[in-house]
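The values are calculated or read from the model by the stated rules, or taken from the named source; none is laboratory data. These numbers were taken from a predicted model, which means no experiment stands behind them. Cβ placement follows ideal geometry from the backbone for every residue including glycine, while neighbour counts extend to all protein chains displayed.
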């Protein structure tokens, strides 16, 4: 019993230290970080993020995230119950209004290899090469702008 108690206390202490370090580097309030960690119940595993690499006229489709104003490949978390390919098709439609097909996995990135970016969790980013099947750009609540930029 004592050993289990010590291990549990050690884990809690390590969690507290990690939150303070991420707070120092990332400037997020400790309370917000604690809520994020508390919501991540169960056995800790990497999160899955899907992204679409879409080219047109030698330019890459990017979306501007509404809250952060950062530009990125369209995508987001993989959905439970959907395959990664189904998830990226859904994400592209939601963020851009475009339908895509021929989505083929082209790369997998492990965010733990990026020591320069503070993060609470490990992510596997699956990047799919997709082609546009149809649709038109439309406004939505996730992205503030979209376009073929680079």
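Out of all the residues in segment 134-150, which are in a strand (DSSP E or B) and surrounded by 13 or more Cβ atoms within 10 Å (Cβ to Cβ)?
Correct list: 135, 143, 144, 145, 146, 147, 148.
Quick test for you: out of 92, 100, 50, pick the one residue that is part of a helix (DSSP H, G or I), in contact with a strand residue (DSSP E or B) (Cβ under 8 Å, 6 or more places away or on another chain), modelled with pLDDT of 75 or more and assigned by TED's automatic domain parsing to the domain that holds residue 128.
92
I need the full set of residues from segment 72-87 which are assigned to a loop (DSSP other than H, G, I, E, B) and in contact with a helix residue (DSSP H, G or I) (Cβ under 6 Å, 6 or more places away or on another chain), in order please.
The answer is 74, 78, 79.
Mind listing whichever residues of segment 103-121 are touching a strand residue (DSSP E or B) at 6+ places or on another chain (Cβ under 8 Å) and loosely packed, with under 14 Cβ neighbours inside 10 Å?
104, 105, 106, 107, 108, 110, 121
Among the residues of segment 53-67, is any more than 20 Å from residue 150 (Cα to Cα) and modelled with pLDDT of 80 or more?
Yes: segment 53-67 contains one or more residues that are more than 20 Å from residue 150 (Cα to Cα) and modelled with pLDDT of 80 or more.
Would you point out which residue out of 115, 125, 69 is touching a residue at least 60 places away in the same chain (Cβ under 8 Å), closer than 30 Å to residue 24 by Cβ and either assigned by TED's automatic domain parsing to the domain that holds residue 34 or not in a strand (DSSP E or B) (or both)?
The conditions single out 69.
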